[in-house]
1. Of the peptides 219-226, 169-176, 205-212, how do they stack up when ordered by the mean number of other Cβ atoms within 10 Å, highest first?
2. Can you send over the carbon and sulfur percentage of the accessible area for the chain, probe radius 1.4 Å, protein chains only?
3. Quick check for me: using +1 on Lys/Arg Cβ and -1 on Asp/Glu Cβ, what's the dipole size of region 293-347 about its Cα centre, in debye to the nearest 20?
4. For region 210-347, calculate the relative contact order in percent as a whole number, restricting contacts to Cα pairs under 8 Å that are 6 or more residues apart.
5. In percent, what relative contact order does region 1-153 have, based on Cα pairs under 8 Å that are 6 or more apart in sequence?
6. May I ask you to give the solvent-accessible area per residue for the chain, in square angstrom, as obtained with a 1.4 angstrom probe?
7. How big is the Rg/Rh ratio for region 140-264, C-alpha atoms only, Rh by Kirkwood, two decimals?
8. Please list, in order along region 131-142, the HN-Hα scalar couplings obtained from phi with the Karplus expression 6.51 cos²θ - 1.76 cosθ + 1.60 (θ = phi - 60°), rounded to whole Hz, x for Gly and Pro.
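The values are calculated or read from the model by the stated rules, or taken from the named source; none is laboratory data. As the structure is a computational prediction, the values presented were derived from the model and not from experiment. Every residue, glycine as well, gets a Cβ built from its backbone with ideal geometry; the counts of neighbours run over all protein chains shown. Just so you know, the surface numbers come from the protein's heavy atoms only, side chains and all, with ligands and any DNA or RNA stripped out. Shrake-Rupley method; radii C 1.70, N 1.55, O 1.52, S 1.80 Å.
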Amino acid sequence: MIDLRSDTQTRPSQAMREAMAGAEVGDEQEREDPTVLELERRVADLVGHQEAVYLPTATMANEIALLILGERGTELIVEETAHIMTAELAGAAIHAGLQTRGLRGHLGRLSPEQIRATANAGGSFHVPRTSVVAIENTHNNAGGILWPLDELQAVVATARELELKLHLDGARLLNASVASGVAPHELASAFDTVSLCLSKGLGCPLGALIAGSHELMYAARREKHRAGGAMRQAGIVAAAGIYALDHNVERLADDHARARRLAAGWDAQGVPVDLERVQTNFVQVDVAALGLGERQALDLLRERGVALSGTMRPGVLRAVTHLDLTDDDVERAVELAPQALGTRVHA
């Protein structure tokens, strides 16, 4: 099976497993695990912040960020299909007491004008004050779309002018950096907090980090403990993150190139692919345009040995390239997927 469902399907390589097996460890909760401390230091430097905190998942990182930045009973502004809005089980309301205002973006991106028109300074007795803006880079549901640096800077400037806190959901931030050629710290340092996931394109079995100021990360560590996220000899898994930073960042460009090859090959054979959205390692396929239902198309593809997954867009599937795929896998998928979909359409 050529597994294109998600870059979360990656498994640790043998070299990563060896790094994990040889990791120096200690009590992470007591900040005595040298491998965790080194990973936190490196990620903080990478994204241009004072400190970082190691966590089990990027969802936990996002939710802690909203909790420490927001104020209960105020409002969060976020793009309406962002991960925080669609895949974190109303965590902003449950954990942080935030009302979430989802705005329709263009390719997952919000404009300064939207934020300015929506943000509420709290003058009305009945309307919650806006306290936080969160953006996602790259944007999962938009198809791995990245933010151009000038648009990112404009949104940050507007939020600062309006005295709003800023969180960057950077689960795939390094994909954005590699694709754009902009250093991670240039994309992330202007935010109050930033999350980074290790278990997607970087190939780790688990793990994420939140970064920010010393003061905010002290608060983040308290919320991590409150959520049950404190760990013991976590250096065993943190070592995978260090290995990934050393070996799996620059190679994200291979995933992006394979996604473009996949998209071009399918497009040439009549598979409806949104080429505008192929900016990183995602390819979106409009199976509704072929007269197919999503489940039907997924089953047809699986029968031919290709696994895709659904998206938030009705009738649209996605293929996600990752480090466990080879060029041969991509070439086979280029051949097999049109056969699967075309056989059904022309039967």
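1. Numbers: 219-226: 17.6, 169-176: 27.5, 205-212: 24.9.
The densest-packed peptide leads the list: 169-176, 205-212, 219-226.
2. Numbers: 7160 of 14600 Å².
So the carbon and sulfur contribution to the accessible surface is 49 percent.
3. Working: 7 positive and 9 negative charges, 80 e Å.
Computed charge dipole of region 293-347: roughly 380 debye.
4. Reported relative contact order: 21 percent.
5. Details: 181 pairs, mean separation 26.6, N = 153.
Over region 1-153, the number comes to 17 percent.
6. Numbers: 14600 Å² over 347 residues.
Using a 1.4 Å probe on heavy atoms only, each residue of the chain averages 42 Å².
7. Working: Rg = 16.1 Å, Rh = 16.2 Å.
On the Cα set of region 140-264, Rg over Rh gives 1.00.
8. The phi angles translate into 10, 9, 10, 10, 10, 10, 9, 6, 9, 4, 5, 7 Hz.
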